[in-house]
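J.: Pasting in a structure now, in structure tokens, and then I'll have a few things to ask.
All of the numbers you see were taken from the coordinates with simple rules; none came from a lab. Fair warning: this is a prediction, and the values are worked out from it, not measured in the lab. FYI the Cβ positions are ideal-geometry reconstructions off the backbone, even for glycines, and counts take in every protein chain you see.
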Amino acid sequence: MKMQLKSVWVFVLSTILLGPTFAGNNYKIALVAKSQGNGFFEAAYQGAQDAARELGNIKVIYLGPSKPTAEGQIEIINSLIAQKVSAIVISANDPDALVPSLKKAMDRGIKVISFDSGVRKDGRMMHLNPSSNALIGEKLVKMTQEAIGDSGEIAILSAAAQATNQNMWIEEAKKVLTQPAYKNLKLVSVVYGDDQTDKSYREAQSLFKSFPNLKAIIAPTTVGVAAAAKAVQDEKKVGSIYVTGLGLPSEMAGHVKSGAVKSFAIWNPMDLGYSSVMAASQLLSGKVRGKAGDRVSLGRVGTVTLDANGEAAMSSPFSYDASNVEKFAKFF
Ligand code: RAM
């Protein structure tokens, strides 16, 4: 009896001193994608599960609306508040529209972090960018120049019109295009495929019709870049129109082989999901509060420091071409 009482006290004391992590409580973290059926987020979910296994005290649930809309995500957020999840890790379809519901979540003690596509500063505790936005913008323009040379008409095929990440990258790419080295690359149109394969494909076809001299499509979305490359192949435009952008090696290998794509880039989406859950767990333990200067450990990926906007970037974009695409296609 004496022994039993002692162990009860040890348990109570360790709970008070060490917090819920060591008291055996499980945290439920919701990973919310822009939409379902997108291989990028499925890969991020795999990484998120790796982080949960490594941490041991976390369960990750994966959700996303059927279409990449803010309304769909708001419904999901409201149900996560009702379920009393511990944290929401979300890639936003709109920087502003989710803020009221995410604020409500934070008021109820739920930790909120955006990853991939950001939420406005007051609607989350921190944001994890995959990479530096400026670097991504530069990479997109450089890959275009490598494909078509110094001059020609180019168009951008984006995801949803309100997507925070694509809009930032487009803004950065436009800045790069004003540099003297790129002055003859003429951006003629920006269109939106909403991260839907069919719509992206049709938007690419309309670009071919509207701009007969088009030489390149930049698609900073894994869904859009694969759909545009397929349209180039189907319409027998390989060699006259090149597609580049951000893609998954597993979805792009065939398009590199066909010649529709010379090169494209991406970061590791599994690492991004892993890092986001690692960051969420630091918010849950109280080690990170989302303040400028906070150092956030991303486990095997490294450590990042939050800037004045409560943001950090995970790594650099990596590019793929015929020399390495097959090798990475096995992973994501
Ligand atoms: C799509 C999504 C995602 C983006 C990638 C590059 O899968 O729009 O948010 O990061 O493309």
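J.: Per residue and in cubic angstrom, what volume does the convex hull of the Cα atoms of the range 133-266 have?
T.: 85 Å³
J.: Okay, next question. Taking the Cβ of residue 255 as the center, what net charge do the other residues with Cβ under 15 Å away carry, scoring Lys and Arg +1 and Asp and Glu -1?
T.: 0
J.: Simple spin-label model, 7 Å along Cα-to-Cβ: residue 206 to residue 188 in nm?
T.: Taking the simple label geometry, residue 206 and residue 188 are separated by 1.5 nm.
J.: While we're looking at this one, here's another question. Answer with one residue from 244, 276, 254: the one whose Cα lies farthest towards the positive end of the charge dipole of the range 236-332, charges on Cβ with Lys, Arg +1 and Asp, Glu -1.
T.: 254
J.: Separate question: Once the Cα atoms of helix 197-210 and of the chain are each reduced to a long axis, what angle between those two axes, in degrees from 0 to 90 to the nearest 10, is obtained?
T.: So the helix axis and the longest Cα principal axis differ by about 30 degrees.
J.: Please compute the modelled spin-label separation between residue 103 and residue 316, points set 7 Å along Cα→Cβ, answer in nm with one decimal.
T.: 4.0 nm
J.: Something else now. Holding the Cα-Cα limit at 24 Å, pick out from 209/236; 237/330; 186/237 the pairs that are longer than that.
T.: Cα-Cα > 24 Å for 237/330; rest within.
J.: Just need the relative contact order of the chain here, percent rounded to a whole number, with Cα pairs under 8 Å and 6+ apart.
T.: It rounds to 18 percent for the chain.
J.: Tell me what the chain gives for mean residue ellipticity at 222 nm when only DSSP H runs of n ≥ 4 count, each as -39,500 (n - 2.57), the sum divided by the residue total, rounded to 500 deg cm²/dmol.
T.: Dividing the helical sum by the residues of the chain leaves -14000 deg cm²/dmol.
J.: Taking the Cα of residue 36, stepping 7 Å toward and past its beta carbon, and measuring to each backbone N in the range 82-109: which are under 19 Å?
T.: 83, 89-93
J.: Then there is this: State the Kirkwood hydrodynamic radius of the chain in Å, one decimal place, computed from all pairs of distinct Cα atoms.
T.: Every distinct Cα pair counted, the radius reaches 20.7 Å.
J.: Turning to a different aspect of this structure: Report the residue, chosen from 26, 133, 268, that carries the largest GNM mean-square fluctuation when the chain is represented by alpha-carbon nodes joined by springs under 10 Å.
T.: Among 26, 133, 268, the largest mean-square fluctuation in the Gaussian network model of the chain belongs to 26.
J.: Around residue 264, which amide H atoms from residues at least 5 apart in sequence, or from another chain, sit under 5 Å from its own amide H, with H modelled in the peptide plane?
T.: 320
J.: Additional query: Does anyone have the angle between helix 2-18 and the longest principal axis of the chain? Alpha-carbon axes, 0 to 90°, nearest 10?
T.: 40 degrees
J.: Here's a follow-up. Taking 0.36 nm per intervening residue step and subtracting the Cα-Cα distance, what contour gain separates residue 324 from residue 198 on full extension?
T.: Answer, rounded to one decimal: 42.6 nm.
J.: In addition: Taking the 0 to 90 degree range and rounding to the nearest ten, how far is the long axis of helix 70-83 tilted relative to the main principal axis of the chain, both from C-alpha atoms?
T.: The helix 70-83 is inclined about 10 degrees to the chain.
J.: On to the next question. How large is the dipole of the chain about the Cα centre if only Lys and Arg carry +1 and Asp and Glu carry -1, each at its Cβ, rounded to the nearest 20 debye?
T.: 800 debye
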